[in-house]
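Read through the structure below, which is laid out as structure tokens, and then see the notes.
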Amino acid sequence: MKRYAYINDDGSSQELYRDNRISNTKYTLLNFLPKNLWEQFSRFMNQYFLLIACLQLWPLITPVNPASTWGPLIFIFAVSATKEAWDDYNRYVSDKKANEREVWVVKNGIKKLIQAQNIRVGNIVWLRENDEVPCDLVLMGTSDAQGLCYVETSALDGETDLKTRVVPPACMGIDAELLQKIKGVIECPSPDRDIRRFDGNLRLFPPFIDTDVCPLTIKNTLLQTCYLRNTEWACGVAIYTGNETKLGMSRGVPEPKLTAVDAMIDKLTGAIFIFQIVVVIVLGVAGNIWKDTEARKQWYVKYPDEGPWYELLVIPLRFELLCSIMIPISIKVSLDLVKSLYAKFIDWDEKMIDQETITPAHATNTAISEDLGQVEYILTDKTGTLTENKMIFRRCCISGVFYGNESGDALKDPELLSAIETGSPDVIRFLTIMAIGNAVIPVQSKIGAIQYKALSPDEDALVQAAAKLQMIFVDRTANILEIRFNGRTIHYEVLETLEFTSDRKKMSVVIKDNNTGKIFLLTKGADEAILPCADAGQQTRIFTEAVEQYSQLGLRTLCFAWRELMADEYHEWSLVFKEANSTLVDREWRIAEACQRIEHDFEVLGVSAIEDHLQDGVPETIETLRKAGINFWMLTGDKQNTAVQIALSCNFISPEPKGQLLMIDGKTEDEVCRSLERVLLTMRITTSKPKDVAFVIDGWALEIALKHYKKAFTDLAILSRTAICCRVTPSQKAQLVEILKSCDYRTLAIGDGGNDVRMIQQADIGVGISGREGLQAARAADYSICKFRFLTRLILVHGRYSYNRTAFLSQYSFYKSLLICFIQIFFSFVSGMSGTSLFNSVSLMAYNVFYTSIPVLVSVLDKDLSEETVMQHPQILFYCQAGRLLNPSTFAGWFGRSLFHAVVVFTISLNAHAYEKSEMEELSMVALSGCVWLQAFVVTMETNSFTILQHLAIWGNLVAFYALNFAFSALPSSGMYTIMFRLCGQPSYWFTIFLIVLAGMGPIFALKYFRYTYRPSKINVLQQAERMGGPILSLGTIESQPRTVEREVSTLSIAQSKSRSPVYEPLLSDSPNTRRSLGAGGTFEFFQSQMRLSSVYSRNCKDN
Amino acid sequence: MENPDTSTSTSTVRRNSKRPKYSKFTQQELPACKPILTPRWVISAFMLISFVFIPIGVATLFASRDVVEIVDRYDSACIPANETDKVKYIQTPGDKPCNRTLRVPKRMKPPIFVYYQLENFYQNHRRYVKSRNDQQLRDSKEANSVSGCKPEDYNNGSAIVPCGLIAWSLFNDTYSLSRNNVPLNVSKKDISWKSDREHKFGKDVYPKNFQSGGLIGGGILDPNIPLSDQEDLIVWMRTAALPNFRKLYGKIEVELQENDVIDVALGNNYNTYSFNGKKKLVLSTTSWLGGKNDFLGIAYLTVGGLCFFLAMVFTVVYLVKPRQLGDPSYLSWNRNPGWH
């Protein structure tokens, strides 16, 4: 499908496509109720309760008042619907804000200020500097004479550097006035989500005759949510609008996330439902038999003669209703309530407030905190997530002299400063390259401060550093560069710029010193690209060593070199270069060849080392979470080298001789397949050894692997605890998440940029860093934190507690419902299988809603282990992963407990209140009190730490139980009139309750004690250790591990020099073809120092 | 969407104002008591329980044993030997007298309660237990509210008071007791709950159309006595939760001596024969715990004994195989270097 955008055509053609209204809302006013109800009823539990509630309307079969189900049901639905409506309203408000923003648009030939939502396809939109692009545009004109403009695309792909966009040749040089009247047609594909590709054609209509169709690429577009920078104005034709923009298409509808706990609860509910059906069938059959054999003889019952349907339907349905309480209706409300409290605890946490910006963490999605405690894989973005995305010039080596050391930067090194004072020529040249060997644009503000607009943060760091070292790059006007050095102003003329390509790995400028007229070639680039081209007479060993040393410190290195060119040589070469530049065939190759003819015989000046500053605590965070059994994948849009470099410096792949870093590369299917198989084989071999392997894959190979070898790649994903994926697109990130999810792992994606949004939405848990790249990720994410290191606390403290608490709360909810249900079932056996309810409607409802819900709700304050202990022993997270605290076998324990307690309550109350005391209401209250007392003690026993609130809730609830029942007993109209007063006056009632509690809790307490002391789980051991006072354990093995980056990195030894990190590559290069390989089969050994649960082990344990 | 700079700054401002106030609750740092199950603690707890339970068990058992109880099953004995069809016999109209002799095993102090005990009688049956209308019983103006009383709601189109199966099947055996040919006064006063007489059964509600239909169930009520004074009905209408139950028939306010012989003149009217239900006459004294019921005492002794046993076992295990609590060597990641 093609779409045609007619430029400036205000006629009917505009109506073909939608306007620019953005809509992220889920509901409209009209469809809210049906759609919301439909969604709520898609959950099994809700369907079940609706069915039960409807059946209860049939008086023939209902044992209790229908209000006891309808009331809670309507309440639950109202709560969820209100919450949904509120969320959707907030989305509506933010959409409205974006839609009503005013932009300059040409309508009917006149430039007008209209609301962004009224932009139609074909309109020309005018933007000023720092404006946000309201929809996808094809650039038509800019303030720049050469038709260039700069955009910041961080909202789109997360890259913060500026990118150049260029006016298509056909429109080049058209006057701004004329642009308002321009007519033409743009042919482009139907909207898609690929933000790196755009293939369109432009044809202008007379009077702008241009017979040729002008091809358009992504370079000619301005995409929605980019910002126009460094350009006075720009204008473009709207081609995709509203939700049909590239961003809108890639936004994807976020599916509501269901936590593993929710899924397990649904599963358990299903199991209970099946159990219930079995019980109902058994009781139904028994009921029919009893009716036929006994009931007819019980003359006082006056059993009527009914049709056969009666036996088949009514009796089982009665039991169904009697057993319907088996599935706790309160569980959803309780869970929603505690989940929102978990979220609040995250919001409130002082320890997750960033002290610089004073921004607290925030849980946007309040429903999935438990999943945080179950994370098995973390997929992390690199730039801005692990690093601060702030490049800082740290050290340099000039002419064999090392500047800067552990104690300080090169910038403050007195030796370097004095070398600058004295005017050492090498140092000055070095600084000159730092200052002008780039494409940086200085912008002088009104107050005189100079700001640099750099395409890559590396260049920015270099220019900044040079400025601090007195070499101030002041101005770039056309080809003239102005530099101020020690108060002197120097002018250079840029003769040629030899741009960076990933094959050449270097960039050069040819400049002429306007004072002396001398011509120089200034080059900077990767060491392996520069050093071999050095002048034969120069010793480069010292630079090799410098590069080695710096990269071991995790710094990004660049080599600087220069050569003076003779005028003749330059002129001769410049002809070749110009010719190469104008060729149409193989231009890139021809240029590279031309460059090679001049980039030789360098005099190497030195090496610079730039730090992409890691965020505080990243290595520690990764190490801690590794110990917690979480696997890390790094997904980055960056180069392989940079990624590996950062991975090394933040413990991601920590270097020691027993690990391996495996490459998956190749440009064709075959190559990828071979390399994939080889890696897989290595992985399989090494899993038996205590050796950790990580693999590295780039976007291109990943594309092929995902397309053709998905199974092999999935196998690999299961085997590998660590992976680095470079140059991946946002949708590939999402695909990787999808793969891990399909293997039934709980995934957490963390990122900070717009390019991470899809991954964040795809993952089970999305965490956004609200950092320098704006708030896109934070907005889309379930949780937003300010610093990567808060992740530890988010997972180990909040996630773990939430999971533990929910695991208890949900199983307990089933337990208490089963308990009362079992009693009802047992009672059926002594009530002639007739389906009489022992308890009255009020008691049943209050039992679910009050008596048993309130004490357990305070389990949200329970802490099995203190935060410090958990932080010191992150391994304890193991119990949370793979649902180890909430699964069918733990549930079986609770099921057994409820059965046991039901037997205890039923037997004791029936026998103690036999004969003359067996009055129905009284017996029912005895049994109910027995249940409520047992609940209180069960909660007490399962609580690990008692705060005042817990005591209040547990014991206060008991008091409330009596208060409430006294109140009911005081009402003459209620069925329970005087019952409770009578009971409480009888000593036998209290003896019965006392007996029930002890008989019910004694064995469980004894068992717990036995397990706790003689079969302790690791949680128990830590609890004991923590509470015995004393120092918490000898943590020798854990503490003795090297913690700091420096120490670990210093042990790094990389076998192949190729893998060293030649880092200079601007981040801006759009073509996915510019990957580089690390050499065939480039495996290099790394070590994992982390605690290692082998993959095999963790799989096995998952089944436990 | 606004300019990112302004958005960041505004949101920072907004968030600043939202900066939570520190409190122990919000930081989940409320002072907490974290009990730990040390052997000493657990063993003493079990010991304590057994020391409390065994005396209670003994006391309740004594209380139960102190109760003197005479139970006489008369359902089959009161059928003349020549009657083969018991059901037909009981359904025949007319008096069916029967004499029983009881011997007092031990001195019985007043008050002595006279109960009738029915077995295999399902007052808790679903159809039965709800077959009544409390409003009608309470309020004379509500005589026509018979909802829930089916099939005993109307008789020839007029409402039955009291309606429903429970009232309809009122127990109607009669006992008159005499000792040494001197009639023993069995008081029928105050055998029902005071609250029922005062609030559940109206003083101005009189039986109407009761047992006047084709099929007569159980007892007949005097239409001139208000329901609040029909104590037998009130007792009967307190449905029992179990198929075996006792209901109070009356009270004897004189002391019975050991070996006293009591003659009971029975009016055997109530049909339990069609469902093989037993009928028993019970004379019982009462203790502070109620009637004779050994269950509580035995259960207390059992639980107390078990607790004692557990305490012993735990003590032995603790002494034989002491175990250090919180020993880090139990942490497998400390123990197993291979995991590093």
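The values are calculated or read from the model by the stated rules, or taken from the named source; none is laboratory data. Everything numeric here is computed off the predicted structure, so don't read it as measured data. Methodologically, a virtual Cβ is constructed for each residue, glycine included, from the backbone with ideal geometry; neighbour enumeration extends over all protein chains shown. The accessibility values were calculated without ligands, DNA or RNA, using every heavy atom of the protein model including side chains. Shrake-Rupley method; radii C 1.70, N 1.55, O 1.52, S 1.80 Å.
So the values come out like this:
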| item | result |
| --- | --- |
| Mean Cβ neighbour count within 10 Å, used as a protection proxy, ranking B:252-259, A:101-108, A:934-941 highest first | A:934-941, A:101-108, B:252-259 |
| Calculated from backbone phi, Karplus (6.51, -1.76, 1.60) coupling profile of the stretch A:199-205 in Hz, x at Gly/Pro | 10, x, 10, 10, 9, 8, 9 |
| Cross-link partners of A:K382 among lysines (Cα-Cα below 18 Å; sequence separation of 8 or more within a chain) | A:K390, A:K639, A:K733, A:K787 |
| Positive-end residue of A:A454, A:G606, B:Y89, charge dipole of the protein assembly as shown with Cβ unit charges | B:Y89 |
| Among beta bridges that DSSP assigns inside chain A, antiparallel share in %, nearest 5 | 75 percent |
| Within the accessible area of chain B (1.4 Å probe), percent carbon and sulfur | 56 percent |
| The stretch A:56-65 - phi-based ³J(HN,Hα) in whole Hz, Karplus 6.51/-1.76/1.60, Gly and Pro as x | 5, 6, 8, x, 4, 10, 7, x, 10, 5 |
| 5 angstrom amide H check on B:L170, placed H, neighbours 5+ away | B:G218, B:G219 |
| The stretch A:1-99: radius of gyration and largest Cα-Cα distance (Dmax), Å | 22.2, 73 |
| 1.4 Å probe accessible area per residue over chain A, in Å² | 37 Å² |
| Shielding by other protein chains, A:347-354, mean Cβ within 10 Å | 4 |
| Chain A: angle of helix A:948-970 to the longest principal axis, Cα-based, in degrees nearest 10 | 40 degrees |
| Simple Cβ-charge dipole of chain A, Lys/Arg +1 and Asp/Glu -1, about Cα centre, in debye nearest 20 | 2660 debye |
| Principal axis dimensions, the stretch A:860-957 - Cα atoms, whole angstrom, descending | 61, 33, 14 |
| Pairwise centroid distance, computed over Cα atoms, of the stretch A:551-567 with the stretch B:275-305, Å | 100 Å |
| Orphan Cys of chain B, criterion: no other Cys C-beta under 4.7 Å | B:C33, B:C307 |
| Net +/- balance of residues flanking A:L1007 in space, Cβ distance below 14 Å, scoring K and R +1, D and E -1 | +3 |
| FRET efficiency for A:T940 and B:N181, using Cβ-Cβ distance with R0 set to 56 Å, rounded to 0.05 | 0.35 |
| Interface residues in the stretch A:263-310 - accessible area drops by 50 Å² or more relative to the isolated chain, probe 1.4 Å | A:K297, A:W299, A:Y300, A:V301, A:K302 |
| Selection from B:P183, B:S23, B:F309 lying farthest towards where the dipole of chain B points positive, charges on Cβ | B:S23 |
| Among B:Q324, B:Q91, B:Q230: highest mean-square fluctuation, GNM of chain B, C-alpha pairs under 10 Å | B:Q324 |
| 222 nm mean residue ellipticity, helices alone, for chain B (DSSP H n ≥ 4; -39,500 (n - 2.57); rounded to 500) | -8500 deg cm²/dmol |
| Rounded percent of accessible protein surface that carbon and sulfur make up, chain A, 1.4 Å probe | 58 percent |
| Selected from A:L247, A:T259, A:L113, residue furthest toward positive end of dipole (the protein assembly as shown; charges at beta carbon) | A:T259 |
| Largest-first ellipsoid semi-axes for chain A, taking √(5λ) over the Cα gyration tensor eigenvalues, angstrom | 68, 36, 24 |
| Acute angle (nearest 10 degrees) that the helix A:1018-1027 long axis makes with the longest principal axis of chain A, alpha-carbon atoms | 90 degrees |
| Degrees separating the helix B:4-17 axis from the principal Cα axis of chain B, which is the longest one | 60 degrees |
| Flagged links, alpha-carbon separation over 23 Å, of A:K505/A:K707; A:K351/A:K627; A:K267/A:K863; B:K150/B:K251; A:K26/A:K111 | A:K505/A:K707; A:K267/A:K863; B:K150/B:K251; A:K26/A:K111 |
| Summed side-chain charge close to A:P72 - residues other than A:P72 whose Cβ falls under 14 Å, Lys, Arg +1, Asp, Glu -1 | 0 |
| Chain B - charge dipole about Cα centre, Lys and Arg +1 at Cβ, Asp and Glu -1, debye rounded to 20 | 1400 debye |
| Protein accessible surface hidden between B and A, which excludes ligands and nucleic acids, total in Å², probe 1.4 Å | 10000 Å² |
